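Enquirer: What follows is a single structure, and I will ask about it in a moment.
The values are calculated or read from the model by the stated rules, or taken from the named source; none is laboratory data. What you see is a predicted model; the values in this text were computed from it and never measured. As a convention, Cβ positions derive from the backbone with ideal geometry for all residues, glycine included, and neighbour counts pool all protein chains shown.
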Amino acid sequence: MNLFTLFISAMLINNIILSKFIGMCPFMGVSTSMDSAVGMGLAVIFVVFCASVLSYGLYYAILAPLHLEYMKLICFILVIAAFVQFVELFIKKNSPSLYKSLGIYLPLITTNCAVLYVALDNITQEYTLLETIVNSIGVPAGFMLMLCIFSTIRERLRGNDVPEAFQGNPIAFIIAAIMALAFSSLAGLV
Amino acid sequence: MSEKKAKKQSLFTRLLVENPVFGLYLGICSALAITTNINNAIGMGIAVTIVLTLSNILVSSIRNLTPADIHIPVYIVIIATLVTIVGMVIQAYTPSLYSALGAFIDLIVVNCIILGRAEAFASMNPIGPSILDGLTMGCSYTMSILAMSFFRQILGTGMLSLSNPFTNAEIFSIRLIPEGFELPFFKEQFGAFITFACLAAAVSAFKANVEKKEKSAEL
C-alpha cells in the first residue's frame, strides 16, 4: 500500500476513536481543555511510536524465530509498561518543566488501549518496518486531532444549558456520535 | 459513601449507582465496540468476569510480596497472562465468538476496570473479599454491556436472538420490529455513542434521584 494512503487512512478514515472506539477512557478524561489535550496527544504519539517499533523488533527478532508468537500479548504489554516508566524517569531527571506538564498523563498511557492496539495491529496486518513506522505515527496523530477538536467543543459546551441528566459525559457522547456520523462519510475515500 | 448508607440501599440500586461503565466510565472501549448483539456481550462479559476474579485472587495473594515501586508492571503481567489463557480457551472452544470479538479479547488487558480493581481493592484486601469484589464488578460490567447490546440489537436489526456459541445453533429468535422499520445505524458507531449517552444519562438521573431521596430522609 502507498505510504501516504496508509497515513491518511490511519489518521482520518479509520480514526481509532470514532471508528474503532479505542482510547475512549483518556479521550473522555483529558479532553476538557486544549492545553491538556495537546500535552496528552504529544505524549501518546511519542509513546505509541517508540513502543510499536520496539515491539515490532521484539516480535520479528526474538518471538517469531523461537515460535513464541502466543507470548506476544505479555511481551508487548511489558515493553509498553517498562517504556512508559523509563520515559517518566528520563523526563523527570532531564527536564523538570516538561515533566510538570506531561507527568500526570504518563501513567495513564500504560492503560491506554491505543498503545497496545497499534503494537498488535502492526503484527496482525503484517506490515513491513516502514509501514509500521507510518502507521504508528498516523494512528496517534488521529487520536491527537480528535482530542484537540473535542476539547474545543467541550470548552464551548460549558456555557450551554444542557438537561441535568446529560450534563458532563453523556452530552460528550452525543457529540462524539455526531462526529462519528461526520467521519463515517470519509469511509469511501481510499 | 459511608458503610451505613451502603447497607441501606438495595443491591439493584448499588449496582446502578456504583456501575463501573455508566457511573465511573471505565472499560467503555469494549462496551461501545462489541455490543452489536447480545451473544457478543454475554461472551465478553463472562471473559472479563473470569479474568477480573482470577486477577483479584492472584493480586490479593501476593499483596504482601509485591514491591511498591513496580506494582503496576507486576499486575499488568498477571492480567496479560490470564487474558492469554482465556483468549486461547475462547479460540479453541468457541471460534465464532473469537472472530466476532477480534482484537478486543487481547484488549481486555488494558480494560481499566481490571487494573483499577487490582489497584484499589485486591492489593489491600484478603482473598475472600477480593473474590466477591471481582464477581460483583464482573456482573455489573456484564449487565451494563448486556443492556447496551439489548437496545442496539433490537433497534438495529429488529430481532432479538441468541445462539449457542459452541455449536452455532440458534436458541431463540424473535422479531420485535417489523421488517423495513428497523434503524440500521444502531449497528454503526453513531448508534453506539447515542445508546451509551442515553443509558449514561438515565443512570445519572437515577443517581440524582437516589441522592435527593436520601437528603429528604435525613432532614
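Enquirer: Which one of these is touching a residue at least 60 places away in the same chain (Cβ under 8 Å) and either within 14 Å of another protein chain (Cβ to nearest Cβ) or assigned to a helix (DSSP H, G or I) (or both): B:155, B:146, B:162?
Expert: Just one listed residue meets the conditions, B:146.
Enquirer: In addition: Please verify whether residue B:83 is crowded, with 17+ Cβ neighbours inside 10 Å, within 11 Å of another protein chain (Cβ to nearest Cβ), in contact with a Cys (Cβ under 8 Å, 6 or more places away or on another chain) and under 19 Å from residue B:31 (Cα atoms), treating the condition exactly as stated.
Expert: no
Enquirer: Against the conditions (1) at the interface with another protein chain (Cβ under 10 Å from one of its Cβ atoms); (2) surrounded by fewer than 15 Cβ atoms within 10 Å (Cβ to Cβ), where does residue A:126 fall short? Just the number, please.
Expert: Going through the list (1) at the interface with another protein chain (Cβ under 10 Å from one of its Cβ atoms); (2) surrounded by fewer than 15 Cβ atoms within 10 Å (Cβ to Cβ), residue A:126 breaks only (1).
Enquirer: Does residue B:128 qualify as being assigned to a helix (DSSP H, G or I) and surrounded by 18 or more Cβ atoms within 10 Å (Cβ to Cβ)?
Expert: No, not satisfied.
Enquirer: Somewhere in the range B:65-82, is a residue over 22 Å from residue B:203 (Cα atoms) and touching a residue at least 60 places away in the same chain (Cβ under 8 Å)?
Expert: no
Enquirer: Can you tell me which residue within the range A:52-89, out of those that are surrounded by fewer than 16 Cβ atoms within 10 Å (Cβ to Cβ) and among the hydroxyl-bearing types (Ser, Thr, Tyr), is nearest to the other protein chains (Cβ to nearest Cβ)?
Expert: A:70
Enquirer: Right, next: Condition first: part of a helix (DSSP H, G or I) and either on the phi > 0 side of the Ramachandran plot or of a type in the set (Phe, Trp, Tyr) (or both). Can you find one or more residues in the range B:29-44 that meet it?
Expert: no
Enquirer: On to the next question. Quick check on residue A:108: is it touching a Pro at 6+ places or on another chain (Cβ under 7 Å), assigned to a helix (DSSP H, G or I) and aliphatic (A, V, I, L, M)?
Expert: Yes; evaluated as a whole, the condition is true for this residue.
Enquirer: If you don't mind, there's one more thing I want to ask. In the range B:167-204, which residues are closer than 22 Å to residue B:97 by Cβ, away from every other protein chain (no Cβ under 14 Å) and of a type in the set (A, V, I, L, M, F, W, C)?
Expert: B:169, B:171, B:172, B:174, listed by residue number.
Enquirer: Identify, please: which residue in the range A:163-190 is more than 10 Å from every other protein chain (Cβ to nearest Cβ) and free of Cβ contacts under 8 Å to residues at least 12 places away in the same chain and is, among those, nearest to residue A:18 (Cα to Cα)?
Expert: Checked the range A:163-190; the qualifying residue nearest to residue A:18 (Cα to Cα) is A:185.
Enquirer: Looking at the range A:7-31, which of its residues are within 14 Å of residue A:140 (Cβ to Cβ), of a type outside the set (Phe, Trp, Tyr) and assigned to a helix (DSSP H, G or I)?
Expert: Within the range A:7-31, A:10, A:11, A:12, A:16, A:17, A:20, A:26, A:30 meet the criteria.
Enquirer: Quick one: which residue in B:89, B:59 is within 14 Å of chain A (Cβ to nearest Cβ), assigned to a helix (DSSP H, G or I) and at pLDDT 90 or above?
Expert: Just one listed residue meets the conditions, B:89.
Enquirer: Suppose the filter is more than 9 Å from every other protein chain (Cβ to nearest Cβ) and touching a Ser or Thr at 6+ places or on another chain (Cβ under 6 Å); does residue A:10 pass it?
Expert: Judged against the criteria, residue A:10 is not a match.
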